[in-house]
Amino acid sequence: MVKLNKHEGSSFDDFLRETGDYEEVTARALKRVLAEQLMDSMAAKSIKKSQMAEIMHTSRSQVDRVLDPANLSIQLDTLVRAAAAVGKVVDIRIKKAPKARA
């Protein structure tokens with residue numbers, strides 16, 4: 001039987017790799033999760049953005065950029081300071097990529 005859809009049986013990750021979009025989509029998803037975690041932590045501690053900026057020794061606009069899920073150009077040290085401001089730590093690992101499905 002001939003497959004009509006070459007993507008049938010493949011994963012969405014495989015599709016994104018084929019189109020060359022995997023890294024960007026992954027980065028955007030990761031930033032969205034990090035921003036949500038920071039906002040949740042701020043809410044749990046009743047920390048407003050202006051207070052967050054004071055704790056981080058930065059500007060309110062920088063805090064807005066850290067919390068903006070679409071802004072991917074946040075420096076690692078800024079992210080570390082944001083996490084520390086809400087009593088968290090950043091844990092980054094590089095791991096082996098899963099093999100693409102056949």
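A few notes on this one:
- Cβ-defined net charge surrounding residue 22, 12 Å radius [Lys, Arg +1; Asp, Glu -1]: -4
- Theoretical ellipticity at 222 nm over the chain - DSSP helices of four or more residues, -39500 (n - 2.57) apiece, nearest 500: -17000 deg cm²/dmol
- The residue among 74, 38, 89 whose Cα reaches farthest toward the positive pole of the charge dipole of the chain, with charges on the beta-carbon of Lys, Arg, Asp and Glu, is 89.
- The alpha carbon centroids of the stretch 10-32 and the stretch 71-102 are separated by 16 Å.
- Candidates 55, 92, 74, ranked by Gaussian network fluctuation over the chain, Cα under 10 Å, top entry: 92
- Residue 79 sits among other residues whose Cβ lies under 13 Å from its own Cβ, and their net charge, with Lys and Arg +1 and Asp and Glu -1, is +1.
- Ranked list, fewest to most other Cβ atoms within 10 Å of each Cβ, for 58, 19, 26: 19, 26, 58
- Other residues lying with their Cβ under 15 Å from the Cβ of residue 54 contribute a combined charge of +4, Lys and Arg counting +1, Asp and Glu -1.
- Put a plus charge on the Cβ of each Lys and Arg, a minus charge on the Cβ of each Asp and Glu, and nothing anywhere else: the dipole of the chain about its Cα centre is then about 220 debye.
- Close Lys-Lys pairs in the chain, where close means Cα under 19 Å and separation is 8 or more or interchain: 7
Read-outs throughout are calculated quantities, based only on the coordinates presented, and are distinct from any laboratory measurement. Keep in mind that what you see is a predicted model, and the values were worked out from it rather than measured. Ideal geometry is used to build each Cβ from the backbone, glycine not excepted, and the neighbour counts take in all protein chains shown.
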